[in-house]
Protein chains: 2
Amino acid sequence: MSSDRLIYLPLGGAGEIGMNAYVYGYGAPGKERLILVDLGVTFADMDTSPGVDLIFPDMSWLIERRDQLEAIFITHAHEDHVGAVAQFYDQLGAPVFARAFTANIARRKMTEFGYSEKSVRTVSAWPEVTQAGPFSVGFVPISHSIPESSGMVIDTPAGRVVHSGDFKIDANPVVGEPFDTDLWASLAEPGVKALMCDSTNVFSTHAGRSESTLGPDIEALIAGAKGMVVATTFASNVARVKTLAEAADRAGRSVCLLGRAMRRMIEASVETGVLTGFPKTISPEEVKEVPRENVMLLVTGSQGERRAASAQLAQGKYQGISLKEGDMFLFSSKTIPGNERGVIKIMNQFSEMGVDVVDESSGKYHVSGHANRPDLEALQDLLQPSVVVPMHGEHRHLREHVKLANSKGRQGVLAVNGSMVDLTGTKAQICDYVETGRTYLDGSIKIGAMDGIVRDRIRMALNGHVLVNVILDESNEPLGEPWCETMGLPEEGRSRAPLVDVLEEDLSQFMGRAGRRTMADDEKLEDGLRKVARQSAQTEIGKRPEVTVIISRLIE
Amino acid sequence: MSSDRLIYLPLGGAGEIGMNAYVYGYGAPGKERLILVDLGVTFADMDTSPGVDLIFPDMSWLIERRDQLEAIFITHAHEDHVGAVAQFYDQLGAPVFARAFTANIARRKMTEFGYSEKSVRTVSAWPEVTQAGPFSVGFVPISHSIPESSGMVIDTPAGRVVHSGDFKIDANPVVGEPFDTDLWASLAEPGVKALMCDSTNVFSTHAGRSESTLGPDIEALIAGAKGMVVATTFASNVARVKTLAEAADRAGRSVCLLGRAMRRMIEASVETGVLTGFPKTISPEEVKEVPRENVMLLVTGSQGERRAASAQLAQGKYQGISLKEGDMFLFSSKTIPGNERGVIKIMNQFSEMGVDVVDESSGKYHVSGHANRPDLEALQDLLQPSVVVPMHGEHRHLREHVKLANSKGRQGVLAVNGSMVDLTGTKAQICDYVETGRTYLDGSIKIGAMDGIVRDRIRMALNGHVLVNVILDESNEPLGEPWCETMGLPEEGRSRAPLVDVLEEDLSQFMGRAGRRTMADDEKLEDGLRKVARQSAQTEIGKRPEVTVIISRLIE
């Protein structure tokens, strides 16, 4: 028994914001029994992952150890925590546990993949606990920007670990449980070995603001609006959606929900009882029957996502509804870094229509769902953990959070994805590094981020593509001239002749002077043709394109 | 004479921030004599313009009227105002006028293109004026984040127009002329018909801050640093570079300039006399001889640009210099929307090295170079223009700026690129729309943004590429099987067989059942093969790739 150890291993979410996946283990080294907390996704972008549909953590390490895996626990229903749960259900083969609302969302994903509703088990909040091998795991309600978010109490033979999940300290979160200071203080009683803690807002030095502070300003804004009002926020921010809808209701406006996620989240909230008293909504068809000054649309797409309701309204129309001069569009949301271009594009499209856009820059229409620095300190003060292991942050956030822990006299461990932390002794220490990375969902196929597939696509996007086709007879003599096609390249270059003509001429000359050996050897010939094509393009158009050479040898 | 009109026509910069190019004309409709104010560039991004090197306004309208063009005036040396001056010098064939510092930068561009230094004429500040056809044009010093920025006084037979250029109201800009309230007020004396005005910060409601307020905070920060200090800002912000260098000097640190733009800007400033008393600098080689706590690097790359000094230091090394734990990196700059990912990447790379990153979020280490809302009002109050035509802004900025003008009892004209404004009468009005757009520098070739070339590259990046090659004999019978190559696609799909094998099998079956007519008709055959390849890929990998079909027909 004395050689058993307690380990923590982030496979995603530590060194980035997104695709959370945290492993805990207890047992003999290499034979630990394991649990996984969260299994989320992150989103692709054109710069690094064009054409990719979704990004998952590389779960290979855990899949190889599926026999050791006891259970998967999901803290809350944000996509970066629950989004990959169905994608890996088969490969991980472990039961999924969550509280009612989160379970409702997870089940929708499971059934889309043809799995049974029973794949997800609903559990109640702390003090109820789930036994999973050597672990006793409880869901402790904590406030965040989605209903029923939970921190995890993970009791092990080596002591208690608390995994904060995403959180803020909010005594009045509008929907869901307020942060319960006494409850969280009570968790410290047996002593807390380690706190794995959300780091998102570690650089925000002011105290966090309550969700409930927004109501009056939002009401005043909507009450003063003349035309149709449209508001967007994350659909999962049910409290915000409720605040917006109630403000509309009080201003005599009927509420219409637009976008699949918006309807699905409200549905799940009502089904699970976390949302009550939501104003009656009208359908997009009914919107057309109501004067526009009596309508409020609540729409998806706060991050400028191309296909979301907001982007489609900005393009002109969504479900038959158009905006026009005098209407108002409210971003009750913050733009996540990297999404600025998409959001700004929408703002300008609305501006062109004469729609007034209001964003969160005044501080009146949005508050963050994550704990700011003073609140991170407050949680440490409540739990008095021996060790703080920052998570849910980029490297800079984790590093700053370690400094914060140190400043309060605690050990802080900077553990990025793949760093295995041994928590057994009085001092935590990194005991191993395992290979981690990203898995891309590309169309319907999972591919590795490092497979080179996406790299090739990026190269084609940057450099364009030339196709070279040559046909040789059995004595290695060319049948006709080399043939080129270009894609993504200018039609004409410096010499004012068609680029393909110039390429074909240069390639033809190369083949004319190529020796017998080259002509007989596919690899040499391909290599030579590629070099000539690239050099010729460089001279003509100042670019070195990707080149694919096809050599066909006819044998009669 | 009575039919002569005064027109304003933005070809770039109105409806976007970047690639400024504003035409003014006076004369009989269609025969106006023209001048151009500014000729700048904007920068490409992966989302919309992968592989593009630079973006210019489409200057076709003006090139077609080059005989009417009298002169080009450059307000200041920022790339979005001067960057395209050499690129279009030949096609526009008009002399370029600028003040000394701007002319120095413009000349460097001209000589790179092989043009004479005389292509750019240096003029002095107002009250000196340049006659250009019916226009009398003066450069009025105005404060901005670069030396010798100027607003233009454009006197015409129809009255006076003032073109603000980029500006802020700064009584103590550290380098260059302070904003001279009396001088600007005096411009109003003959009456100002129209003010074309910078709109960048129209949404910033607080008064702007002077460049000179930063000195003490920057000094305190650098004085307190332990290891090497590195600071980045736009190289053209010579005042900031000076403030940083002086703070280093006072803290006993030697200054080293890294990055071509940084050295070139300081060189131009010293050559033209706008910068005096700049501390002595040391070379990158000398840096290695000095203790790191006595060094300050001033580097390019405040926007996270991939090849700039900051990005290379973040990757590990630049000119033999590396950062390490305990060093400090200061972003004395704001991240331009859209550049967040690149900047954040660098911040995290430095964090991994243990380098402390300081950014402008505290407000202590950066101020904007553009006039905030109260300062925009102040300029209107000084000049008392009849009409305000907002420029240098996205649509939302222009629209807000029009509202601001209206709120002060003035006519505001929302004129985006291509809107020709007739300023002759008491009311300004849009009298025509001309086609405008973007020209891409792609490698060494200028292409139109709408030519489809970049669109094809984006498609390849999103969808991948399949090449289909078939060879037919003279009786339209296939010689061998169809041959596929893929680029940017997974090697295997659903059926666990190589994707190319599945594609080739499906294509082969198609050719087997294709009728004589299809086989004889290149277009039909190509169409059929493309459809089969896309459908087959969709089934296998859930993506519909771009397909290029090459049909070779052998005729003996």
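The values are calculated or read from the model by the stated rules, or taken from the named source; none is laboratory data. Keep in mind the model is a prediction, meaning the values are calculated, not measured. Here the Cβ is made from the backbone with ideal geometry for all residues, glycine too, and neighbour counts use every protein chain on show. Please note that ligands, DNA and RNA were not included when accessible areas were found on the heavy atoms of the full protein model with its side chains. Shrake-Rupley method; radii C 1.70, N 1.55, O 1.52, S 1.80 Å.
Conditions: (1) within 10 Å of chain A (Cβ to nearest Cβ); (2) assigned to a helix (DSSP H, G or I); (3) touching a Lys or Arg at 6+ places or on another chain (Cβ under 9 Å). Residue B:399 meets all but one. Number of the miss?
(3)
Being open to solvent by 30 Å² or more (accessible area, probe 1.4 Å) and either modelled with pLDDT of 95 or more or more than 16 Å from residue B:465 (Cα to Cα) (or both): is that true of residue B:531 here?
Details: open to solvent by 30 Å² or more (accessible area, probe 1.4 Å): yes; either modelled with pLDDT of 95 or more or more than 16 Å from residue B:465 (Cα to Cα) (or both): yes.
Against the criterion (open to solvent by 30 Å² or more (accessible area, probe 1.4 Å) and either modelled with pLDDT of 95 or more or more than 16 Å from residue B:465 (Cα to Cα) (or both)), residue B:531 qualifies.
Do we find that residue B:495 is farther than 19 Å from residue B:540 by Cβ, among the polar types (S, T, N, Q) and more than 45 Å from the chain's Cα centre (by Cα) in this structure? Steps first, answer last, please.
Numbers: farther than 19 Å from residue B:540 by Cβ: no; among the polar types (S, T, N, Q): yes; more than 45 Å from the chain's Cα centre (by Cα): yes.
In short, no.
Could you grab the pairs with beta carbons closer than 8 Å, sequence gap of 6+ or different chains, first residue in region B:134-163 and at positive phi, second one of a type in the set (S, T, N, Q) and open to solvent by 10 Å² or more (accessible area, probe 1.4 Å)?
Qualifying pairs under 8 Å: B:148/B:272.
Residue by residue through region A:17-29, note down the ones that are within 20 Å of the chain's Cα centre (by Cα) and surrounded by fewer than 24 Cβ atoms within 10 Å (Cβ to Cβ).
Listed by number, the residues that qualify are A:17, A:18, A:23.
Of A:146, A:142, which residue is buried (at least 24 other Cβ atoms within 10 Å of the Cβ), in the same structural domain as residue A:16 (by TED's automatic domain parsing) and more than 15 Å from residue A:367 (Cα to Cα)? Steps first, please.
On the way: A:146 fails: more than 15 Å from residue A:367 (Cα to Cα).
It is A:142.
Can you find even one residue in region B:256-266 that is charged (D, E, K, R), touching a Leu at 6+ places or on another chain (Cβ under 7 Å) and surrounded by fewer than 23 Cβ atoms within 10 Å (Cβ to Cβ)? I'd like the intermediate steps shown before the answer.
Narrowing region B:256-266 to residues charged (D, E, K, R): B:260, B:263-264.
Right, trim to touching a Leu at 6+ places or on another chain (Cβ under 7 Å) and you get B:263.
Remaining after also requiring surrounded by fewer than 23 Cβ atoms within 10 Å (Cβ to Cβ): B:263.
Yes, that holds for at least one residue.
Looking at B:333, B:386, B:368, B:351 in this structure, which one is among the polar types (S, T, N, Q) and within 14 Å of chain A (Cβ to nearest Cβ)?
On inspection, the qualifying residue turns out to be B:351.
Could you tell me which numbered condition residue B:506 fails, if it satisfies all but one of (1) open to solvent by less than 60 Å² (accessible area, probe 1.4 Å); (2) of a type in the set (Asp, Glu); (3) within 12 Å of chain A (Cβ to nearest Cβ)?
(3)
Please give the strands (runs of 3 or more DSSP E) falling wholly within region A:190-266 in which 1 or more residues are of a type in the set (Gly, Ala, Ser) and farther than 17 Å from residue A:291 by Cα.
Values: elements: A:194-198, A:229-232, A:254-258.
Correct list: A:194-198, A:229-232.
Among residues belonging to region B:1-16 that are at pLDDT 95 or above and open to solvent by 10 Å² or more (accessible area, probe 1.4 Å), point out the one that is farthest from residue A:463 (Cα to Cα). Break it down stepwise before answering.
Of region B:1-16, the ones at pLDDT 95 or above are B:4-16.
Keeping just the survivors that are open to solvent by 10 Å² or more (accessible area, probe 1.4 Å) gives B:4-5, B:15-16.
Details: B:4: 49, B:5: 47, B:15: 29, B:16: 27 Å.
Of everything passing the filter in region B:1-16, B:4 is farthest from residue A:463 (Cα to Cα).
For region A:445-462, does any single residue satisfy the condition of being in contact (Cβ under 8 Å) with a residue 40 or more places away in the chain and part of a strand (DSSP E or B)? Walk me through it before giving the result.
Filtering region A:445-462 down to residues in contact (Cβ under 8 Å) with a residue 40 or more places away in the chain leaves A:446, A:448-449, A:454, A:456-461.
If we keep only those that are part of a strand (DSSP E or B) too, we end up with A:446, A:448.
Taking every residue of region A:445-462 in turn, at least one turns out to be in contact (Cβ under 8 Å) with a residue 40 or more places away in the chain and part of a strand (DSSP E or B).
So residue A:444 clears everything in (1) polar (S, T, N, Q); (2) within 14 Å of another protein chain (Cβ to nearest Cβ); (3) closer than 30 Å to residue A:4 by Cβ except one condition, right? Which one?
The one condition residue A:444 does not meet is (3).
One residue is enough: does region A:67-78 have a residue meeting the conditions of a type in the set (D, E, K, R) and closer than 21 Å to residue A:442 by Cβ? Explain how you work it out, then say what you get.
The initial filter retains those residues of region A:67-78 that are of a type in the set (D, E, K, R), namely A:67, A:70.
Subset that is closer than 21 Å to residue A:442 by Cβ: none.
Taking every residue of region A:67-78 in turn, none turns out to be of a type in the set (D, E, K, R) and closer than 21 Å to residue A:442 by Cβ.
Which one is most open to solvent (accessible area, probe 1.4 Å), of the residues in region B:304-324 that are assigned to a loop (DSSP other than H, G, I, E, B) and in contact with a strand residue (DSSP E or B) (Cβ under 9 Å, 6 or more places away or on another chain)? Break it down stepwise before answering.
Looking only at region B:304-324, we keep the residues that are assigned to a loop (DSSP other than H, G, I, E, B), and these are B:304-308, B:316-317, B:319-320, B:322-324.
Now restrict to residues that are in contact with a strand residue (DSSP E or B) (Cβ under 9 Å, 6 or more places away or on another chain): B:308, B:319, B:323.
Numbers: B:308: 16, B:319: 84, B:323: 14 Å².
Top of the filtered list is B:319.
Being among the polar types (S, T, N, Q) and outside any loop (DSSP other than H, G, I, E, B) is the filter here; which residues of region A:325-360 pass it? Working first, answer last.
Pass one, region A:325-360, residues among the polar types (S, T, N, Q): A:332-333, A:335, A:339, A:348-349, A:351.
Result: A:348, A:349, A:351.
Only residues that are buried (at least 21 other Cβ atoms within 10 Å of the Cβ) and hydrophobic (A, V, I, L, M, F, W, C): list them for region B:325-346, please.
Listed by number, the residues that qualify are B:328, B:329, B:330, B:331, B:343, B:346.
Which of (1) away from every other protein chain (no Cβ under 11 Å); (2) among the aliphatic types (A, V, I, L, M); (3) within 46 Å of the chain's Cα centre (by Cα); (4) under 25 Å from residue A:480 (Cα atoms) does residue B:449 not meet, given it meets every other one?
The one condition residue B:449 does not meet is (4).
Could you give every pair whose Cβ atoms fall below 7 Å, whose first residue belongs to region A:98-111 and is closer than 14 Å to residue A:75 by Cβ, and whose second residue is of a type in the set (Gly, Ala, Ser) and in a helix (DSSP H, G or I), counting only separations of at least 6 or pairs across chains?
What qualifies is A:98/A:106; A:101/A:268; A:101/A:269; A:105/A:268.
Being open to solvent by 50 Å² or more (accessible area, probe 1.4 Å) and either in contact with a Leu (Cβ under 8 Å, 6 or more places away or on another chain) or at pLDDT 95 or above (or both) narrows it down to one of A:400, A:352, so name that one. Break it down into steps so the answer makes sense when it comes.
Working: A:400 fails: open to solvent by 50 Å² or more (accessible area, probe 1.4 Å).
Being open to solvent by 50 Å² or more (accessible area, probe 1.4 Å) and either in contact with a Leu (Cβ under 8 Å, 6 or more places away or on another chain) or at pLDDT 95 or above (or both) holds for just one of A:400, A:352, which is A:352.
Is it true that some residue in region B:426-436 is closer than 24 Å to residue B:49 by Cβ and either open to solvent by less than 40 Å² (accessible area, probe 1.4 Å) or out of contact with any Gly (no Cβ under 6 Å at 6 or more places or on another chain) (or both)?
yes
Let me confirm something: among B:177, B:189, B:219, which residue is over 20 Å from residue B:405 (Cβ atoms), at pLDDT below 95 and open to solvent by 10 Å² or more (accessible area, probe 1.4 Å)? Before you say what the answer is, go through the steps one by one.
Values: B:189 fails: at pLDDT below 95; B:219 fails: at pLDDT below 95.
Exactly one residue qualifies, and that residue is B:177.
Starting from region A:208-227, take each residue that is over 9 Å from residue A:364 (Cβ atoms) and list its partners that are open to solvent by 20 Å² or more (accessible area, probe 1.4 Å) and among the small types (Gly, Ala, Ser), counting only C-beta distances under 7 angstrom and pairs at least six apart or across chains.
Listed by first residue and then by second, the contacts come to A:208/A:368; A:210/A:171; A:222/A:251; A:223/A:251; A:226/A:326; A:227/A:326.
Quick check on this structure: which one of B:153, B:174 is assigned to a loop (DSSP other than H, G, I, E, B) and not acidic (Asp, Glu)? Spell out how you get there, then give the answer.
Working: B:153 fails: assigned to a loop (DSSP other than H, G, I, E, B).
Going through B:153, B:174 in turn, just one is assigned to a loop (DSSP other than H, G, I, E, B) and not acidic (Asp, Glu): B:174.
Among (1) farther than 26 Å from residue B:14 by Cβ; (2) in a loop (DSSP other than H, G, I, E, B); (3) at pLDDT 95 or above, which single condition is residue B:182 missing?
(2)
Report yes if residue A:486 is over 29 Å from residue A:85 (Cα atoms), polar (S, T, N, Q), more than 8 Å from chain B (Cβ to nearest Cβ) and buried (at least 18 other Cβ atoms within 10 Å of the Cβ), otherwise no. Lay out the reasoning, then the answer.
On the way: over 29 Å from residue A:85 (Cα atoms): yes; polar (S, T, N, Q): yes; more than 8 Å from chain B (Cβ to nearest Cβ): yes; buried (at least 18 other Cβ atoms within 10 Å of the Cβ): yes.
For residue A:486, the condition - over 29 Å from residue A:85 (Cα atoms), polar (S, T, N, Q), more than 8 Å from chain B (Cβ to nearest Cβ) and buried (at least 18 other Cβ atoms within 10 Å of the Cβ) - is met.
Of all residues in region A:285-303, how many are part of a helix (DSSP H, G or I) and open to solvent by 20 Å² or more (accessible area, probe 1.4 Å)?
Going through region A:285-303, the residues part of a helix (DSSP H, G or I) turn out to be A:285-287, A:292-294.
After this cut, where a residue has to be open to solvent by 20 Å² or more (accessible area, probe 1.4 Å) as well, the list is A:285-286, A:292-294.
Number of matching residues: 5.
So which of A:553, A:516 is open to solvent by 50 Å² or more (accessible area, probe 1.4 Å) and facing chain B (nearest Cβ under 10 Å)? Break it down into steps so the answer makes sense when it comes.
On the way: A:516 fails: facing chain B (nearest Cβ under 10 Å).
Exactly one residue qualifies, and that residue is A:553.
Are any residues in region A:267-284 surrounded by 14 or more Cβ atoms within 10 Å (Cβ to Cβ) and touching a residue at least 24 places away in the same chain (Cβ under 8 Å), and if so, which ones?
A:268, A:269, A:272, A:274, A:275, A:278, A:279, A:281, A:282, A:284
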